[in-house]
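Novice: First the structure, then my questions, so here it is.
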Amino acid sequence: MKWFDSRLLFRNLMHGQRHLVSSETGEKIWLPLEKVTYENAVLGKMHEYKKGEISVLAAERLISSFDTMNPYQSKEDFWYQGKNHALEMTLRLKIDFSCIFYLMKFPFDKQECEFILKLRNTQHSKVHLSRSKPSVVYNGPWEINEFKIVSILSSIKEVGGNDSFDVLQEPFIFSVNMRRDFDDYMITMFFPTLLLWFIAYSTLFLKPVDISNRSRISVTILLVLVSLIGSTKDQIPKTSYFKYIDIWFVWYISNIFLITCFHVFMEFLYETKTSSPILVQPSNVTTLTTVPDLKLLEESAIRPRINQFVAAQLFAVTILFNVVYFAVST
């Protein structure tokens, strides 16, 4: 952290060089890092690795040996004003922060973790935070566990009071924006679900009279999908609210269940009365012939058209659901 203290004067600095401040002098001056609080840090999880080092970088000399009338200052020394020469304190810390994730769009969620720093007792003083460029330098990996770091941003707000000595200090916040890597979830969750649905949907193209195979395959696919959801449940974070991934599974379970119900409905349509034999008696010969039931033939022609209509509508609705789902969740 760098800061300016107009109450200080530096003597005989070497131009362009960084000068370390002794520990004795450091105990007598105001140090900002001792006033910093970490608002969302976990209590008891902060560790300081080494004592802070204080230094000052000499820039242009702004007070000559003859510019002051103080009799206690040597005329042969060169003085530098503290308001134009920044002190810098370096401190290495290890701090644990808590970050709350909102997982409704899992696994296409984007998360933002904020780290809040604030100075104590600065509401009615001239001390306030300001950002340097860059304010935050990140040296770690850009891929962490299931996430990829997109950007690291910093912000600060300063609201002035009634006069120049009243500054309402807002915290300094730097945030880490992350995006979950969803490639593995596409392979283990979304692709198998689509594949199982396609197999169940293909039963609509079997012969309408082949009710046994149509219903057997769809019921088997429904059981496999339920087992798949149970096996992948451990990979899904548990929340008290509904997530989009839950909507995905509920849709396809309901979809395959409706396909099975449709097969049962088609079986019910085929349970009609068969045509009864009619006695035809010519002159001297008695024979039995079967006259086809025109109503039965008409109904048997309607059922394939019903099957085709349901197949087309189901495919269109499923495509629409996928488009809307990925548009909203990603």
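Read-outs: derived from the displayed coordinates by stated rules, not from any lab. Note that this is a predicted model, so its numbers are computed, not measured. Glycine gets a Cβ as well: all are built from the backbone with ideal geometry, and neighbour counts include every protein chain shown.
Novice: FRET efficiency for I149 and V250, Cβ-Cβ distance as r, R0 = 35 Å, nearest 0.05?
Specialist: Working from the Cβ atoms, E equals 0.60.
Novice: Run the simple label-point estimate for E267 and K207 please: 7 Å along Cα→C-beta, distance reported in nm.
Specialist: In this crude label model, E267 to K207 measures out at 1.7 nm.
Novice: If you stretched the chain out fully between W30 and K118, how much longer would it get, using 0.36 nm times the residue separation minus the C-alpha to C-alpha distance? Walk me through the intermediate numbers first.
Specialist: Details: separation 88, 0.36 × 88 = 31.68 nm, distance 1.61 nm.
Going from the current span to full extension adds 30.1 nm.
Novice: Calculated FRET efficiency, R7 and R92, Cβ-Cβ r, R0 35 Å, to nearest 0.05?
Specialist: Calculated value: 0.80.
Novice: So the label point goes 7 Å from the Cα of Q235 along Cα→C-beta, right? Which residues of the range 174-189 then have their backbone N under 20 Å from it?
Specialist: 179-189
Novice: Set the bar at 30 Å for Cα to Cα. Now go through K118/K243; K51/K83; K35/K105; K35/K243 and name every pair that lies beyond it.
Specialist: K118/K243; K35/K105; K35/K243
Novice: Still on this structure, I have one more. Using a Förster distance of 22 Å, how high is the FRET efficiency between L320 and R179, based on the Cβ-Cβ distance and rounded to 0.05? Show your work: numbers first, answer last.
Specialist: Numbers: r = 26 Å, r/R0 = 1.20.
Calculated value: 0.25.
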